[in-house]
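*Asks:* Below are the structure tokens for one structure; questions will follow.
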Amino acid sequence: MSNKGLSNIKGVSKADQKMIADVEAMFGPEPSEMGFVKNLFWGRFRDEVVFPYPEESAEERAKCDALLEELEDYLVNEHPSILIDQEEYIPEWCFDRLFEIGVMGMTIPESHGGLGLGVTSYNRVLELIGRHCSSTAVVVSAHQSIGCKAIMLFGTEKQKDHFLPKVAREYLSAFCLSEPNVGSDAAGQKTRCELTDDGTHFILNGEKKWSTSGALAGMFTVMAKQQMPNGKEKVTALICTPDMDGVDIFEKNRSKTGIRGTWQARIRFNDVKVPRENVLHEEGRGLNVALTCLNFGRCTLSAGVSGAAKQAMDQSIKWVQTRYQFGRPLAEFDLVQQKIARMAAYTYAMDAMLYMVTGMLDRKDKDIMVETAISKVFCSHFGWEVIDDAMQIMGGDGYMTENEFERLWRDNRIHRIVEGSNEVMQGFIFAYGGKQLAEQMLSVQDALLWDSDESPLRNVTRMVRNGLNPKVLEKAVPLGLQLFFGVKPSAPDIRGVHPSLQSYADRLSNLVQKHSHYFKLASKWEREKIVKHQTQQARVADNAIRLFALTCALSKMSAQLRKGEAGASFDRDRAAFDHLFDLFEIDIFNNFGEMRYHADESMREAAAAARRHNDTLPNSDYYIHEASPVAAGTGKDTPTEHIKQFPGDGDALGDVSGDGAAGNAEIATGTGEATEGTA
Ligand SMILES: Cc1cc2nc3c(=O)[nH]c(=O)nc-3n(C[C@H](O)[C@H](O)[C@H](O)COP(=O)(O)OP(=O)(O)OC[C@H]3O[C@@H](n4cnc5c(N)ncnc54)[C@H](O)[C@@H]3O)c2cc1C
């Protein structure tokens, strides 16, 4: 019986097959042991992965606590968060202080000049920075989670010896994956690297966009397509440095909504000669490198937004307890309390999930890509909900710049778009979470169901042969019973919770059983259309996300009870935990209902009609993407007057011009000494 890939489903268009194949290629080889969330799709609950709640060693915690104390002192007393936002840059002295405190190299081994701390500690630090300055949180994350992470994980000893001490103590690093035409579709790289005839160097050509700190960095991790000896095109990861001939940083940054202190560069690589020893990992394994780094980036993104959401919650509750309208504090109104309770429930779950996933990374669990993706979607989505609710209950004053709240709100909108937009991640969680189960269902279907493309004789012969095969029957019978007779497998046992929480474990177990059942039913109802119908995929993914959130919350609350925690902070957590279960149970049941009864058909009609109307509007009145294959160059010109411009190194001035640009000309390259191209 063949175990077909999802891209081979019959009735799926060539374009969709290619898209799925690209996604499958991106996520690399199948892990031998399935991770926690994948098991949820099968209706199984791997207690041993999530209980007890992960904890760092006492020594690690004490080391991190000391760092947090020093950092908080710096953030409260020195760090110019308001100026950073207003002036759209982080002054060089701030980086110097962060390097000095050790934050910039905190996960780099002590042997290479870092603090040698783990992923959990690193995320605790990012959470603290996120409370104070999201621009700084993003720069630290871009540097250590993705910019130089590949060297830590995949670098040769020579690469590590050369670069790690510098990125730990001297200069920033950057990650170059996105291109004008490569956003969500990361596999579609146009940048190319070709080996020289003598095989000693690569010649790198192409253009990268959005590289955070690219104009300030001493090294970049660059992804480029390479033709492999077998003729296949694969992505290779290379270390480049800004001093290499042919590296042209032609735009240092663009003005933007939030995280305005971060800089995203556009970089052209014109026949750049990169030594072959600058390859990271193996030639052709670049997407694997990129996605492994993104596991870390997705966590630190979650930590930054968690910190910001907690800050928003604390600030807004303080506000509504002390702001009086209609003769009473705002906090006494039911609709305000609804928001307070939601904020407490979501932030509790964000925290529980974040440190569950960082614990998995610290333990070096193998199959955690679905979990890190879920953490990113969950924290960016619910973090935004929290911050937006907080803005609402602070009223007009929340919208004013002086309360430092609108900055938090602007800064934290980005996280749903970057490091895999949430829509792309929902598709991934659905497809990769349920991939093995879907493949098995397809294989069973191939083996036993009528195929209209085959002759009747072939159909009958195949069905009889497979129907007598015990291996096929072993899988087919339970699936058939579920799909056609509604017989569900038994709900999983959930052990390891604090005894007082057993009723919550039972509720979760019931939801897990139904999740697996509905995943199979949705696949049966939709058949091959499931590949196109992202709305159904999103419902399944959203349920998987919530089940994982409930699991993490259950594990964390069990640990808190076992430790005997008490007091106002514990009481808040305990009530938030309770509310979370109610909220997500309702959401999950609603999603089950919507899998059957939804508005998807009228949605598609309405979208098609709105698109047809849009075709009647002239392109020249609207902005059009620079790399549009159908309309590039036909849109409205982007204004530059009154919008701060950030020309590149090659420009005559090389500084920042436009309104409010004064004083930025000295913005440093931040590279410290020039770096050689060789590793
Ligand atoms: C502030 C900032 C910092 C960044 N830093 C870096 C960096 O350091 N290095 C780097 O390489 N890149 C970086 N990026 C790029 C970032 O990763 C991309 O913006 C992101 O991947 C999305 O690509 P895009 O903006 O081209 O959106 P597009 O790919 O054009 O997508 C736009 C929207 O369309 C929808 N969409 C897209 N595909 C699908 C789909 N398959 N199904 C359903 N909906 C879909 C989503 O809603 C998505 O948000 C940064 C971007 C920003 C704005």
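*Asks:* Looking at 206, 284, 307, 214, can you tell me which residue is of a type outside the set (Val, Ile, Thr), in contact (Cβ under 8 Å) with a residue 24 or more places away in the chain and within 30 Å of residue 344 (Cβ to Cβ)?
*Replies:* It is 307.
This table checks each residue for (1) over 21 Å from the mean Cα position of the chain (by Cα); (2) surrounded by fewer than 14 Cβ atoms within 10 Å (Cβ to Cβ); (3) modelled with pLDDT under 95; (4) hydroxyl-bearing (Ser, Thr, Tyr).
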| position | (1), (2), (3), (4) |
| --- | --- |
| 318 | yes, yes, no, no |
| 322 | yes, yes, no, yes |
| 328 | yes, yes, no, no |
| 348 | no, no, no, yes |
| 352 | no, no, no, no |
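*Asks:* Assess whether residue 158 counts as being touching a residue at least 60 places away in the same chain (Cβ under 8 Å), more than 30 Å from residue 407 (Cβ to Cβ), of a type in the set (Lys, Arg) and touching an Asp or Glu at 6+ places or on another chain (Cβ under 8 Å).
*Replies:* Spelling it out, residue 158 is indeed touching a residue at least 60 places away in the same chain (Cβ under 8 Å), more than 30 Å from residue 407 (Cβ to Cβ), of a type in the set (Lys, Arg) and touching an Asp or Glu at 6+ places or on another chain (Cβ under 8 Å).
*Asks:* Now, a different point. Can you find, within the range 173-224, the residue that is surrounded by the most Cβ atoms within 10 Å (Cβ to Cβ) among those that are more than 9 Å from the ligand (Cβ to nearest atom) and aromatic (Phe, Trp, Tyr)?
*Replies:* Taking the candidates together, the pick is 220.
*Asks:* So, in the range 250-269, how many residues would count as being away from the ligand (no atom under 12 Å from the Cβ) and surrounded by 23 or more Cβ atoms within 10 Å (Cβ to Cβ)? It would help to see each step written out before you state the result.
*Replies:* Looking only at the range 250-269, we keep the residues that are away from the ligand (no atom under 12 Å from the Cβ), and these are 250-252, 268-269.
Within this subset, residues satisfying the condition of being surrounded by 23 or more Cβ atoms within 10 Å (Cβ to Cβ) are 252, 269.
Residues meeting the conditions: 2.
*Asks:* Go through (1) closer than 30 Å to residue 49 by Cα; (2) among the basic types (Lys, Arg); (3) in contact (Cβ under 8 Å) with a residue 60 or more places away in the chain one by one and return the number of the condition residue 323 breaks.
*Replies:* (1) is the only condition that residue 323 fails.
*Asks:* Give me the strands (runs of 3 or more DSSP E) completely within the range 97-215, filtered to those with at least 3 residues that are closer than 25 Å to residue 74 by Cα, ordered by residue number.
*Replies:* Strands (runs of 3 or more DSSP E) meeting the threshold: 172-176.
*Asks:* Is it the case that residue 190 is of a type in the set (D, E, K, R) and touching a Cys at 6+ places or on another chain (Cβ under 8 Å)?
*Replies:* So residue 190 does not fit the description; no.
*Asks:* Still on this structure, please answer the following. Looking at (1) modelled with pLDDT of 95 or more; (2) within 16 Å of the ligand (Cβ to nearest atom), which is the one condition that is false for residue 272?
*Replies:* Status for residue 272: all satisfied but (2).
*Asks:* Being surrounded by 14 or more Cβ atoms within 10 Å (Cβ to Cβ) and either touching a helix residue (DSSP H, G or I) at 6+ places or on another chain (Cβ under 6 Å) or touching a residue at least 24 places away in the same chain (Cβ under 8 Å) (or both) is the filter here, so list the residues in the range 71-85 that pass it.
*Replies:* Listed by number, the residues that qualify are 71, 72, 74, 75, 79, 81, 84, 85.
*Asks:* For residue 367, work out the one condition from (1) farther than 21 Å from residue 136 by Cβ; (2) acidic (Asp, Glu); (3) out of contact with any Ser or Thr (no Cβ under 9 Å at 6 or more places or on another chain) it doesn't fulfil.
*Replies:* Just one mismatch for residue 367, condition (3).
The values are calculated or read from the model by the stated rules, or taken from the named source; none is laboratory data. None of these values were measured; they are calculated from a predicted model. Positions of Cβ are generated from backbone atoms using ideal geometry, with glycine treated the same way; all protein chains shown enter the neighbour counts.
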